[in-house]
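One structure is given here, and the rest of the page talks about it.
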Amino acid sequence: MILSCALIVLLVGVDQLIKYWAVHTLQPLGSIPFLHIGDTEILNFTYLENKGAAFSSFSGMRWFLIGVTILMMAACVVLMVKYQKRSKMVSICASLILAGGIGNLIDRLFRDGCVVDYLDVRLFSFAVFNFADCCVVVGVILFAIYLFFFDGKKKSTEQKEADA
């Protein structure tokens with residue numbers, strides 16, 4: 001549990017440092033190219049204040065988004081406590097999701113409801129996002145992989161051992 005808390009603190013710290021850089025360096029510039037091959041832009045840093053959730057959905061619904069974030073974070077804490085001895089993977093997934101949730105929650109609370117986004121994929125049309133979003137998405141994907149491919153096998157093995 002201590003390692004999970006340390007991971008959360010580290011990831012939230014990284015998120016907030018990058019957002020500090022984005023606000024102070026990137027905001028005055030708007031957008032700067034970062035990764036491109038020839039004339040093809042792949043990734044830019046683009047300053048954006050998002051008042052909504054993914055793809056600006058629920059835009060302007062600050063308190064609703066804060067409430068949903070807090071509920072999801074509480075669910076992650078419950079998962080971490082419940083599965084801490086059973087699976088390190090669940091703790092890692094929950095830590096990633098919690099860190100991302102906390103990072104964006106800090107923005108919503110202290111930046112007038114706006115979340116600072118800065119990663120702008122230009123290779124194809126996609127939303128501008130941030131490190132906290134990446135933490136949440138990676139945590140959810142890893143958790144889904146765990147549930148679909150590992151948890152079922154673990155339960156099946158435990159059931160076979162109990163039947164024997």
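The values are calculated or read from the model by the stated rules, or taken from the named source; none is laboratory data. The shown structure was predicted, so the numbers you read here are calculated from the model rather than taken from an experiment. In this analysis, Cβ positions are derived from the backbone assuming ideal geometry, glycine residues included, and neighbour counts consider all displayed protein chains. We work out accessible area using only protein heavy atoms, side chains counted, and drop any ligands, DNA or RNA first. Shrake-Rupley method; radii C 1.70, N 1.55, O 1.52, S 1.80 Å.
Whenever a residue of region 138-164 is over 17 Å from ARG86 (Cβ atoms) and at pLDDT 65 or above, it has no partner that is of a type in the set (D, E, K, R) and not in a helix (DSSP H, G or I) lying with C-beta atoms less than 7 angstrom away and at least six residues away or across chains.
Residues considered: MET89, MET80. Of these, the only one that is over 30 Å from PHE45 (Cβ atoms), more than 12 Å from the chain's Cα centre (by Cα) and open to solvent by less than 20 Å² (accessible area, probe 1.4 Å) is MET80.
The set of residues from region 49-62 being open to solvent by 70 Å² or more (accessible area, probe 1.4 Å) and farther than 15 Å from LEU105 by Cβ comprises GLU49, PHE55, SER59. LEU26 - would you say it is in a helix (DSSP H, G or I) and either open to solvent by less than 80 Å² (accessible area, probe 1.4 Å) or not β-branched (Val, Ile, Thr) (or both)? Yes: the conditions hold for LEU26. As a summary of the residue check, ALA75 satisfies the conditions (1) hydrophobic (A, V, I, L, M, F, W, C); (2) at pLDDT below 90; (3) touching a helix residue (DSSP H, G or I) at 6+ places or on another chain (Cβ under 9 Å) except for the one numbered (2). Please verify whether LEU43 is within 16 Å of ARG111 (Cα to Cα), in a strand (DSSP E or B) and open to solvent by less than 90 Å² (accessible area, probe 1.4 Å), treating the condition exactly as stated. Considered against the rule, which asks whether it is within 16 Å of ARG111 (Cα to Cα), in a strand (DSSP E or B) and open to solvent by less than 90 Å² (accessible area, probe 1.4 Å), LEU43 comes out as no. Applying the criterion of being touching a Cys at 6+ places or on another chain (Cβ under 8 Å) and among the aromatic types (Phe, Trp, Tyr) to the residues of region 123-150, the residue that is most open to solvent (accessible area, probe 1.4 Å) is PHE143.
Against the conditions (1) in contact (Cβ under 8 Å) with a residue 24 or more places away in the chain; (2) open to solvent by 30 Å² or more (accessible area, probe 1.4 Å); (3) of a type in the set (A, V, I, L, M, F, W, C); (4) touching an Asp or Glu at 6+ places or on another chain (Cβ under 9 Å), PHE34 satisfies every one except (1).
Within region 21-35, identify whether any single residue is modelled with pLDDT under 95, under 16 Å from LEU109 (Cβ atoms), hydroxyl-bearing (Ser, Thr, Tyr) and out of contact with any His (no Cβ under 6 Å at 6 or more places or on another chain), and answer yes or no. Within region 21-35 (the criterion being modelled with pLDDT under 95, under 16 Å from LEU109 (Cβ atoms), hydroxyl-bearing (Ser, Thr, Tyr) and out of contact with any His (no Cβ under 6 Å at 6 or more places or on another chain)), the answer is no, since none of the residues qualifies. Could you grab me the full set of residues in region 6-23 that are within 14 Å of GLY101 (Cα to Cα) and either of a type outside the set (Val, Ile, Thr) or outside any helix (DSSP H, G or I) (or both)? LEU7, LEU10, LEU11, GLY13, ASP15, GLN16 - these are the residues of region 6-23 that are within 14 Å of GLY101 (Cα to Cα) and either of a type outside the set (Val, Ile, Thr) or outside any helix (DSSP H, G or I) (or both).
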